Each structure stands twice: as structure tokens, then as C-alpha cells.
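Notes follow the structure.
The values are calculated or read from the model by the stated rules, or taken from the named source; none is laboratory data. Everything quoted here is computed from the prediction, not taken from an experiment. No Cβ is skipped: glycine too gets one built from the backbone with ideal geometry, and neighbour counts run over all protein chains shown.
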Amino acid sequence: MMKKILFLFLILLVVAGSVFAGGKKEAAKEKAEFLVWNQAEPQSLDWHQIEGVPEHRIYYSLGEGLVTSDPDTAEPLPGVAESWDVDSSGLIYTFHLRKTTWSDGVPITAKTFVDSWLRVLNPETAAPYAWFPADVIAGAAAYNSGEAGPESVKIKAVDDSTFQVELVGAMPAIVSAFSHYAFAIVPTHAIAKNPDSWTQPENYVGNGPFVLESWEPQDKLTVVPNDKYWDKKTVKLDRIVYIPTDDDNVGFNMYLNGEVDWAPEVPLAQLESVKLMDDYVVAPYLGVYYYIFQVEKEPVNDVRVRKALSMGLDRDTLVKKVTGAGETAAYSMVPPMAGYKPTPGVKGTIDDAKKLLAEAGYPGGKGFPEIEILYNTSDRHLKIAEFVQEQWEKNLGIKCTLVNQEWKTYLDTRKQGEFMVARAGWIADYPDPSTFLEMFGSGKAMNGGKYSNKIFDENMEAAARMAPGPERFAKLRKAEDVFITEDHGVMPIYHYVSQSMIDTNKWGGWYPNAMDWHPTKFIYKK
Amino acid sequence: MTRYIIRRFLGLFPTLLIIITISFFIIRIAPGGPFDSEKTLPKQIMENIEKKYHLDEPLLKQYARYMISVMRGDLGPSYRYKDQDVNYYIGKSLPNSLILGSIAMTISLVLGILAGMISALRQNTWVDYLVMSVAIIGITIPLFVIGPVLVYIFAMKLGWLPTSGWFTGRYGWVTLIMPVITLSADKFAYIARLSRASILEILRSDYIRTARAKGLKNSTILFKHVLKGGLLPVVSYLGPAFSAVLTGSIVVETVFRVPGLGKFFVQSALNRDYTLILGTVIVYSVILIIMNFVVDIIYAYLDPRISYK
């Protein structure tokens, strides 16, 4: 008897639950709620403290700088700045700001920009992305490193609605870069009032198309339209819910089960079945997957060995059979972009590879020390490494061991240069070739492979001080030629695609684009 | 007894001190730091950040600073989640873990004892075999398998339940069903087996025979005499069961997106978020120590043969 009652009770629970759940879901949908699987729990809503993609997605809702970006092309669109112009040197940009306010009604003026940009650069703020403004604004690096005071930074409020910034060098994509959160404005008046809790919903002040409604750590973050937003007529969604989970299977299941409307990632194991679905959206993405050589370690200190290894890898099969999402085989570090033709890179047959290897003193792979491939824990990196291992053994007679390390350990090993070959990936911060090359300058913090070449450095430095145009691209191209085609300092493997799951028949204003930037103000329910 | 309680209570502090100290230094041995990322930060910016969090100081000084702040009840700032401190995140997430854990414990206790009792009273019938087979399954299948299998069946295939989430969200309390089942499966099974065995033993004992001979009602014998003795092994299992609920909930919280402490525990370790790791370690240790302590006291109460000096 007892058991029967219990059994009935359990059935009741489940049935009631599913009815309840279904009913609630439909009611919510009528209100144009957009649910996003946002991968990780946001680190912060203080734009000067963030560095990740999940936070960037939220920034598009809660913040806005001088410009925002076009959802289709990722080109800059007016934000707080209505228009802008640049002087003949290409170095001084003047932004004309619109009359607008924070969500609490306090006006946003040119001084807001000066205060905010000085805050991100202030060494005491310890902003992880301060390097970005420090790299491009004249005098900013000196202030950020504590060598000079804030007065050295070449930004100024000409009047309430005119903001001027002087650059270190001409950068073609600079206006687009200003849409990045590293150039965000923050409500200094609200921060002064609640220095430790201004990002909590009850104190939150923002200037984006949405304002913060609630934030439950590891559960969800919700935003609702901002009444004070200058372009509020464009904003169509009633609410956006950002749901965090680091586990891509858990996140992806939410999408498959209709619990979120947008999944920004597809687990590799599910790809084959997902590719057949209508709501799978794939687009070229400005990013490159590559293997770094530690150029001081034998045997990869020999350029012939590096080239042989590169020729010994069949990238076409790799992108077709292993990654399989439409990635393109890469021989250059820089993906193709408007006006820039990337370096041809190292291409050759297996015989060419064997010949190079023989010249380097390893005929048929004989005497070649075992190579270690370092990668961080991930299904994708493992599968790629296994493929490379098999290829090098089959094509060149070289044995490899795979070294798997957990993320932070891997980063540390890579930074210290304690590896032979290590996987890496790079996503453009702004659409310009320099973002892919800069970090390989001699002695740069990110240059774990210890690559160093004076010609590369000189060309990069020259390009940094040149006006946009074909001549500047020629310098960058020369740098890439030296780095990839001649020295083969790293081995490019493929250029990324972005993969999303979203039903574009239901949701408008969301487009795939090369930066994978998706400003939420344009998203609407069809 | 009171003296024993006081002594045990005071013993909590040196234990904690040792745990904190060992953890503090062990996590610093792990390669990488809280601010390492794919984009290696320029040296200057890294120095700014380390200075802000006093990570540039000698390790012993950092340790002293941390211990003083812990004694004041302040677990410090989180290095990863920068908007709030560790106290805030623990305050937000611990209640959720405790809610899930308590429901799972209550259900495993009630159903486990019930199943054990039925099994014992119907020994060697099909009911007994059925209950014990279920119990074996519960013990042998790990929860990181049970969880995803439940999701696959009840959410993905049947569509009865949402895949994950928490009861404060849009789907309400039904989100609790799968995490509770996953978390209680093995506890239920253990308790059922334990209570079955001990009830069987007691049923054969002399004093029960006496009770029957006296003509007492079956239900009186069962509830007044059999259960009290029969539950002793279950009580001693409560301590380990509770720690299993806590550690198990780390997996369950990830699979079902429960915004609990376990999630922070795992992520803080991966992120090298030193203060958040230590904070969660302290909370877990305190809970475990207190639970063991409570179990000892209950045991003393239930079993008059035990005395504490």
C-alpha cells in the first residue's frame, strides 16, 4: 500500500512539474524574453575589470562607449558619439557626443569619457585590459606604468559635447576598437557613492540599451530595457536572461531542450548531428588556431625542422575530418581581411618535408628526438593533437608524445617557455592584421616561443606609426612574411569559424559576423 | 557529557588552523596564478594587479594577513569574481547547497529506513530481493553517470523536466527532482542495506523474543524496540553520508546547474582563485567537523552503552 502511494506521488510530482514548467515557459515567451547560454559566470560588471567573452556579451546590453557595432558587419555605429572626424595626420580623433544620460538621469559628457579612460589606465585600478588603451592612446602607457601622471594621457574634453583623443600611431580600425569594453565609460558618480557594491542591481547605473534587473551568482543575470537610453525605440526585447554554465554539454542540452534561445558554442562531439539542424549558424571568425614552436629548444630551433613539421601536416584533412565545422586550413597567421593579402606561408609535399628533415640531419626521421606537444585539457585540442601525432609519425617517421595540462598549468608552462610545441589560439581584438602579429615581437610578454627577429620588429614598429593604407599593410605583410614564411616561428593550422545555435526565423537582428559580436539592442522577436 | 562537548568544540579550532595553513600553502604550489589568461598581461599591468591584492608581498606576510582577516570573519576578496568578496559568494551559494543536501538526506533517510525495514520483515521474498537489487544499483552506479542519464531520459527524451536550473527560476521546484534523486541514490541504498541488516539481527535477539512472549503488539515491538537499536548503524553512517552529500553535490551542482558552493569550489580551484578556494575549504571543513561532532552526540544518546569521559 505504502509503496503504491509513494509511486503515485512520484508520478504526480513529475507530471505536475512538466505541466507547470511548460505553462511558465509559454507565458514568458510572449514577453519577448531572450535567453542566452552565457558560458561562464561573469567576473564583474565593472567594465574595467573584465577580460572575457561572456562579460563582453553582457557589455553589449548594459554599456555603450563612443560607438557600438553593426550587428551584421561589426563596423562601428554611432553610440554616445553622434559623429566623429579625424585630422589630416590621422592621429587626432574628435568625437561629437549626443545629449544623453546615465540610467539615473545624470548627464554623460566629454568629461565622463576623460574620467573613465583615466580610471581604466590608473595603475591602482589594475584593469586587465588596460594594455589596449595603453597601446593606442598617446601618453597612456606612461600613466599606466606609473612613470607619469594622468596629465600625460592625450585625451581631453574640449567642451561638454566634444571629446578628443590623440593616438600613438594611426590605426585603421581604431574607431571599431573604441566599441570594445576597454574603452567603456563607467558612472564615476555612482561608484563614488557605493564603491564596493555599485554593480549590484539595487545600485546599478549604466548607459546601455538595458539596465541590470537581477544577478544571482552561478544562476542567472537578467537585464530589462533602459528608459533613459537615447535609442530606446530600437530596443525590442523585454528582457534578456544570461545563464552561466562552463560545462558545454550542460549548456548545449539547454539549447536542445528549448530552455535557451542562443547557444554560442557547439560541443565537438555533437557537431555531426548539429550540422544537419536549421538553426546551426556558422561564419568565418577572425581567429587562428596554431602551434607555437619554442625556438630555443632542440630540435625545433632549426627552421628546416619547423618547416618540415609544417609540411608534414595535412591541414585539409584535419579541418574536414577532425574539426569539421567549416574551418579553413591556415598557412598564414593573419586570416584574410579587407585590403590585406596574408603571407603564402610554408607549403610543400611530404617529399619536400623529408628532404628538409634530411638536411637538418634526420634522414627518414632517424635520430630525431621525441617531440612533445603541449595542450590544455579539452576534447578539441586532444583530437587535433592526436591527428598531428599520427600525421608526423606516418609522413615523417617522427614520434610524438602528447602532454596534457590543466588550463592554468598550461598557461604557466607556455609563459615560461618550458615546451617544444604547444597549441594556442588567437582571436582578433579588432579587425586589423597587427592584432595577430604584435605579440611575437622580441621579448614581448606573450611570446612564450621566444621568437625574435629584428626585421620583424622593425617592420611592426614602422607599421605602428604609419597612416592607414596600402603602405602600412605592406609593412605588416613584410613582418608576416619574415615571421611565418621565412622563419616559421609558429605553425598556423586553421582559421576559426564561429558556431552558434539560434533560430533566426524566430529572432531577428542577430547576424553571424567575423568578430562574433552581437549587440543585443538590435535583437527582436519576429 | 558537557565536558566532552566543550572539549570537542575547542578541538575544532586547532583542526581548522591546520587545514587552513596546509591549504594556503598547497594551492600556492600549483602552477599558474589567478590572473594568468590566454592573453598574457604586460608586466606592468600584472604588477599593478598583484600590488592591488598584496600578491607581491612575501608568502608568510600574505599568510599572516590572511589569518588575521579570517579571524575577523573576513574571507577576503575573490580574485576572479571581482565585484563582491568571498563572504558574499559563500553567503549566496551555501544555502542552496544546504537546501539540496538536506532534501537529499531527508529523502534517503526516510525511504532508506523504510525500504530496509520492509526488506527485513519480508526477508527472502521478492520484495526483499527487489529492494536490495535497487540498493545495489544505487551503490554501484556513480552519480556522474546517474545525473546525465536522468537528464537524457526525463529532459531530452520525455521532455518532462527541464535539463537544469534552480527552483527560484522559471521552472520552479521541479528542477529539484533530478538533482535530489542523483544525490540521494547511493545514500538511500546504503541506508536501506544497513538498516535491513541491523533490523534482521535485532529481530533475532533475545529481548525481542521476550517482547513477543509478553504478547506485545507487532507494531509496538517494531517501533519501540527494533527501530531504536536498528538505527544505530544508520546514525553512525550519517557523518560520512553528510560528507558524501557535500562532495557529491560538487558533481550534481555542475550537471544540474545548481548555484551552490560546490560549483565555486571546483571553479575557484581551476581559476586559482586562492581566497575563494580557502573560503570554500573552510566552510566545508567546519560543516564536516560539526556533523561528525553531532553524530557522536546522537550516538551517545541512542546507545546507553557508550559513555564519554
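Go through (1) within 14 Å of another protein chain (Cβ to nearest Cβ); (2) free of Cβ contacts under 8 Å to residues at least 60 places away in the same chain one by one and return the number of the condition A:Lys475 breaks.
(1)
For the condition within 24 Å of B:Arg204 (Cα to Cα), within 13 Å of chain A (Cβ to nearest Cβ), surrounded by 14 or more Cβ atoms within 10 Å (Cβ to Cβ) and not β-branched (Val, Ile, Thr), what is the one hit in B:Leu109, B:Leu94, B:Leu130?
Within the list B:Leu109, B:Leu94, B:Leu130, the selection yields B:Leu130.
Looking at (1) part of a loop (DSSP other than H, G, I, E, B); (2) surrounded by fewer than 21 Cβ atoms within 10 Å (Cβ to Cβ); (3) of a type outside the set (D, E, K, R), find the lone condition where A:Gly449 falls short.
(2)
Looking at B:Lys263, B:Lys228 in this structure, which one is among the charged types (D, E, K, R), farther than 21 Å from A:Met254 by Cβ and in a helix (DSSP H, G or I)?
The match here is B:Lys228.
State all residues of the range A:189-202 that are within 11 Å of another protein chain (Cβ to nearest Cβ) and under 13 Å from A:Trp102 (Cβ atoms); if no residue qualifies, say none.
The one that is within 11 Å of another protein chain (Cβ to nearest Cβ) and under 13 Å from A:Trp102 (Cβ atoms): A:Trp198.
Taking the range B:21-43 on its own, how many of its residues are closer than 13 Å to B:Asp273 by Cα and among the charged types (D, E, K, R)?
2
Give the number of residues within the range A:450-501 that are of a type in the set (S, T, N, Q) and either touching a Leu at 6+ places or on another chain (Cβ under 6 Å) or closer than 18 Å to A:Leu286 by Cβ (or both).
3
Look at the range B:139-157 and say how many of its residues are more than 8 Å from chain A (Cβ to nearest Cβ), more than 23 Å from B:Gly260 (Cα to Cα) and at pLDDT 90 or above.
4
Return only the number of the condition from (1) over 24 Å from A:His518 (Cα atoms); (2) modelled with pLDDT under 95 that A:Asp115 does not satisfy.
Among (1) over 24 Å from A:His518 (Cα atoms); (2) modelled with pLDDT under 95, A:Asp115 violates only (2).
With the requirement that a residue be surrounded by fewer than 24 Cβ atoms within 10 Å (Cβ to Cβ) and of a type outside the set (A, V, I, L, M, F, W, C), what does the range B:276-285 give you?
Taking the range B:276-285 and keeping what is surrounded by fewer than 24 Cβ atoms within 10 Å (Cβ to Cβ), we get B:278, B:281-285.
B:Tyr284, B:Ser285, listed by residue number.
So is A:Arg380 within 14 Å of another protein chain (Cβ to nearest Cβ) and not in a strand (DSSP E or B) or not?
Considered against the rule, which asks whether it is within 14 Å of another protein chain (Cβ to nearest Cβ) and not in a strand (DSSP E or B), A:Arg380 comes out as no.
Tally up the residues in the range A:283-294 that are under 13 Å from A:Val497 (Cβ atoms) and crowded, with 17+ Cβ neighbours inside 10 Å, please.
6
Which of the residues that make up the range A:126-164 are out of contact with any strand residue (DSSP E or B) (no Cβ under 7 Å at 6 or more places or on another chain), outside any loop (DSSP other than H, G, I, E, B), of a type in the set (Gly, Ala, Ser) and away from chain B (no Cβ under 11 Å)?
Initial filter on the range A:126-164 (out of contact with any strand residue (DSSP E or B) (no Cβ under 7 Å at 6 or more places or on another chain)): A:126-135, A:139-152, A:159-160.
Keeping just the survivors that are outside any loop (DSSP other than H, G, I, E, B) gives A:131-135, A:140-144, A:150-152, A:159.
Filter once more, so that each one left must be of a type in the set (Gly, Ala, Ser): A:134, A:140-142, A:152.
Matches in the range A:126-164: A:Ala140, A:Ser152.
This table checks each residue for (1) under 22 Å from A:Asp219 (Cα atoms); (2) in contact with a Phe, Trp or Tyr (Cβ under 7 Å, 6 or more places away or on another chain); (3) away from chain A (no Cβ under 14 Å).
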residue: B:Ala211; (1), (2), (3): no, no, yes
residue: B:Gly215; (1), (2), (3): no, no, yes
residue: B:Leu246; (1), (2), (3): yes, yes, yes
residue: B:Phe256; (1), (2), (3): yes, no, no
residue: B:Asn271; (1), (2), (3): yes, no, no
residue: B:Ser285; (1), (2), (3): no, no, yes
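For the condition under 15 Å from the mean Cα position of the chain (by Cα) and small (Gly, Ala, Ser), what is the one hit in B:Ser268, B:Ser285? Before the answer, list the steps.
Values: B:Ser268 fails: under 15 Å from the mean Cα position of the chain (by Cα).
Only one candidate passes the filter, namely B:Ser285.
Please determine, by comparing only the residues of the range A:387-423 that are closer than 19 Å to A:Lys366 by Cβ and assigned to a helix (DSSP H, G or I), which one is nearest to the other protein chains (Cβ to nearest Cβ).
That would be A:Gln389.
Scan the range A:58-66 and tell me whether some residue there is out of contact with any helix residue (DSSP H, G or I) (no Cβ under 8 Å at 6 or more places or on another chain), away from chain B (no Cβ under 14 Å) and either charged (D, E, K, R) or over 17 Å from A:Leu212 (Cα atoms) (or both). Before the answer, list the steps.
At the first step, the residues of the range A:58-66 found to be out of contact with any helix residue (DSSP H, G or I) (no Cβ under 8 Å at 6 or more places or on another chain) are A:58, A:62, A:64.
Now drop any that are not away from chain B (no Cβ under 14 Å), which leaves A:64.
From the residues that got through so far, the ones that are either charged (D, E, K, R) or over 17 Å from A:Leu212 (Cα atoms) (or both) too are A:64.
Checked the range A:58-66: at least one residue is out of contact with any helix residue (DSSP H, G or I) (no Cβ under 8 Å at 6 or more places or on another chain), away from chain B (no Cβ under 14 Å) and either charged (D, E, K, R) or over 17 Å from A:Leu212 (Cα atoms) (or both).
Give the number of residues within the range A:301-312 that are surrounded by fewer than 22 Cβ atoms within 10 Å (Cβ to Cβ) and in a loop (DSSP other than H, G, I, E, B).
Residues that pass the stated criteria total 2.
Across the range A:218-228, what is the total count of residues that are touching a residue at least 60 places away in the same chain (Cβ under 8 Å) and buried (at least 21 other Cβ atoms within 10 Å of the Cβ)?
Counting residues in the range A:218-228 that are touching a residue at least 60 places away in the same chain (Cβ under 8 Å) and buried (at least 21 other Cβ atoms within 10 Å of the Cβ) gives 4.
Condition check: in contact with a His (Cβ under 7 Å, 6 or more places away or on another chain), surrounded by 12 or more Cβ atoms within 10 Å (Cβ to Cβ) and polar (S, T, N, Q). Does B:Gln62 satisfy that?
yes
A:Ser103: in contact with a Phe, Trp or Tyr (Cβ under 9 Å, 6 or more places away or on another chain), under 21 Å from A:Gln49 (Cβ atoms), part of a loop (DSSP other than H, G, I, E, B) and more than 14 Å from chain B (Cβ to nearest Cβ), yes or no?
Against the criterion (in contact with a Phe, Trp or Tyr (Cβ under 9 Å, 6 or more places away or on another chain), under 21 Å from A:Gln49 (Cβ atoms), part of a loop (DSSP other than H, G, I, E, B) and more than 14 Å from chain B (Cβ to nearest Cβ)), A:Ser103 qualifies.
Mind checking which residues of the range A:417-467 are over 13 Å from B:Lys39 (Cα atoms) and of a type in the set (Ser, Thr, Tyr)?
A:Tyr430, A:Ser434, A:Ser442, A:Tyr451, A:Ser452
Please specify each residue of the range A:320-347 satisfying the condition of being closer than 14 Å to A:Arg306 by Cα, surrounded by 15 or more Cβ atoms within 10 Å (Cβ to Cβ) and modelled with pLDDT under 95.
Those that are closer than 14 Å to A:Arg306 by Cα, surrounded by 15 or more Cβ atoms within 10 Å (Cβ to Cβ) and modelled with pLDDT under 95: A:Gly345, A:Val346.
Considering the range B:97-106 alone, what residues qualify as being crowded, with 17+ Cβ neighbours inside 10 Å and not hydrophobic (A, V, I, L, M, F, W, C)?
B:Ser97, B:Gly101
As an exercise: evaluate B:Tyr237 against (1) modelled with pLDDT of 85 or more; (2) part of a helix (DSSP H, G or I); (3) under 30 Å from A:Trp37 (Cα atoms) and give the number of the one condition it does not meet.
(3)
Looking at A:Val266, A:Val274, A:Val235, A:Val250, can you tell me which residue is crowded, with 17+ Cβ neighbours inside 10 Å and at pLDDT 95 or above?
Sole residue among the options that is crowded, with 17+ Cβ neighbours inside 10 Å and at pLDDT 95 or above: A:Val235.
Of all the helices (runs of 4 or more DSSP H) wholly in the range B:1-77, which have at least 2 residues that are under 24 Å from A:Met439 (Cα atoms)?
B:43-52
Please name all residue pairs, on different chains or six or more residues apart, with Cβ atoms under 9 Å, provided the first residue is in the range B:99-117 and is more than 23 Å from B:Asn218 (Cα to Cα) and the second residue is among the charged types (D, E, K, R) and in a helix (DSSP H, G or I).
If the second residue must be among the charged types (D, E, K, R) and in a helix (DSSP H, G or I), the pairs left are B:Leu100/B:Glu253; B:Ala104/B:Lys187; B:Met105/B:Lys187; B:Ile107/B:Lys187; B:Ser108/B:Asp186; B:Ser108/B:Lys187.
Quick check on the range B:45-59: of everything there that is facing another protein chain (nearest Cβ under 7 Å) and surrounded by 18 or more Cβ atoms within 10 Å (Cβ to Cβ), which residue is farthest from A:Ile50 (Cα to Cα)?
B:Asn48
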